[in-house]
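Below is one structure, written out as structure tokens; the observations come after it.
Taken together, the values in this text are just the output of simple stated rules run on the coordinates, not laboratory data. Values in this document were obtained by computation on a predicted structure and should not be read as measured data. Here the Cβ positions follow ideal geometry from the backbone for every residue, glycine too, while neighbour counts run over all protein chains shown.
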Amino acid sequence: HENTLALPVGTTLDRFIMRKQEDFPYATGELSQLLRDLALAAKIVNRDVNRAGLSSIIGSMGQENVQGEQQQKLDVEANIRFIRALTNGQEACAVLSEEEDDIIHTGNCQGRYVVAIDPLDGSSNIDVNVSIGTIFSIYRRVSPAGQQATREDFLQGGRAQVAAGYILYGSSTMMVYTTGAGVVGFTYENSLGEFFLSHPSISIPRAGQVFSCNEGYWFDYPAYVREYLTQCKRDQLSGRYVGSLVADYHRNLLKGGIYLYPPTKKTPEGKLRLLYEGFPLAFLIEQAGGLAYAGTTPVLDIVPTDFHQRSPLFIGSADQVASLLAYAAETA
Ligand code: AHM
Ligand code: MG
């Protein structure tokens, strides 16, 4: 069996997944197929995202898409694309989406996996041509195959994830994921319609020069967060905040940095969602050598109780997150 570490930059995603399959804990090929299904939907969403500026013009003329459906808002469209790909792929028995309150049963009762997904995150950035992303989290179901998926399948907790990742629709489109053995990144080549291995082994620098948060909420942040951020400023770190979680996260993952969505007075649990934002990005960051905390608890240790529950998020370079935690401990 080919050593995947030796697979060269430029290997296609399909080939990489195929070769890597034998390293998976359950080497039946089902998880591989699931990742390919997600990549297929990502290509379609990438195309839709690239046309976004035009489709608002064309859409206003009441045009229909290839399926004969009226043009939808892009985040609704992305939701449809991913659910359709996962349904047709037949490996996922159910999907939990940011776009829908309840579990979506795909009808594939034999499918061994469930997927929690934020199909298109950063909605405020869609209309203004700024990077947006998709975030996904995969579990092996705990309910018996052959039956409908249950709540418990989605509430196993972050440490039970078998794979997680994101797609960034940026100046290039990238897919970055982990199956629990490091983090790999693929860059999309539009004209060929393929993802190519571009980042064979991603690890986050122990510390970076960036902090990312919405400083508009400064006066609502806990004192320890303000003290930590004040220290960042004394140290002349750069503030970088796109307002698209995937974009901010991706930059910090490659360059080093910390992303903060703290609890505020108005939103004591912050804004971000645990099951399809916090958990997958925390799994990835730990695989890349970084840390993810929700206040003073590791994100992956939170016991989830609700599909759409929120959680604060401090995530990024290990030294920077540790330094924030030290400020939290002082004020505790
Ligand atoms: P959305 O669900 O409206 O897309 O919001 C999610 C986004 C994240 O991508 C981003 O990190 C965060 O919301 C920004 O929130 P804020 O505008 O409060 O700083
Ligand atoms: Mg979101």
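Fewest neighbouring Cβ atoms within 10 Å first, the residues D248, D153, D301 line up as D301, D153, D248. Report the far tail of the P(r) of region 241-332, meaning the percent of Cα-Cα pairs longer than 23 Å. Value for region 241-332: 16 percent of Cα pairs lie more than 23 Å apart. Based on the Kirkwood approach, the hydrodynamic radius assigned to region 221-265 is 11.5 Å, with every pair of different Cα atoms included. The three principal axes of the Cα atoms in region 137-282 give end-to-end lengths of 55, 40, 26 Å, sorted in falling order. Largest first, the extents of the alpha carbon coordinates of region 134-180 on the three principal axes equal 42, 20, 14 Å.
In the chain, the longest principal axis of the Cα atoms and the axis of helix 245-255 are about 70 degrees apart.
Out of region 233-320, which trypsin sites (Lys or Arg not before Pro) are coil in DSSP terms and have no more than 11 other C-beta atoms within 10 Å?
Numbers: sites: K233, R234, R240, R251, K255, K265, K266, K271, R273, R310; in loops: R240, K265, K266, K271.
Filter output for region 233-320: K265, K266.
Scaled to the compact-protein estimate 2.2 N^0.38 Å, what is the alpha-carbon radius of gyration of the chain, rounded to two decimal places? Mind showing how you got there, number by number?
Values: Rg = 19.5 Å, N = 332, 2.2 N^0.38 = 20.0 Å.
So the chain has a normalised radius of gyration of 0.98.
Electrostatic tally near T264: other residues with Cβ closer than 10 Å to its Cβ, Lys and Arg +1, Asp and Glu -1, net +1.
Multiply the residue separation of N190 and R15 by 0.36 nm, subtract the distance between their alpha-carbon atoms, and state the gained length in nm to one decimal. Walk me through the numbers on the way to the answer.
Numbers: separation 175, 0.36 × 175 = 63.00 nm, distance 1.78 nm.
Length gained between N190 and R15: 61.2 nm.
The chymotrypsin sites (Phe, Trp or Tyr not before Pro) of region 148-202 include none that DSSP puts in a loop with a beta carbon having at most 15 other beta carbons within 10 Å.
Relative to the longest principal axis of the C-alpha atoms of the chain, give the angle of the C-alpha long axis of helix 30-50, reported between 0 and 90° and rounded to the nearest 10°. Roughly 80 degrees between the two axes.
Give me the percent relative contact order of the chain, please, defined on Cα pairs under 8 angstrom at least 6 residues apart. Each step should come with its number before you reach the end.
Values: 701 pairs, mean separation 51.3, N = 332.
The normalised contact order for the chain reaches 15 percent.
Comparing D121, D37, D48 in a Gaussian network model of the chain (Cα springs below 10 Å), the most mobile by mean-square fluctuation is D48.
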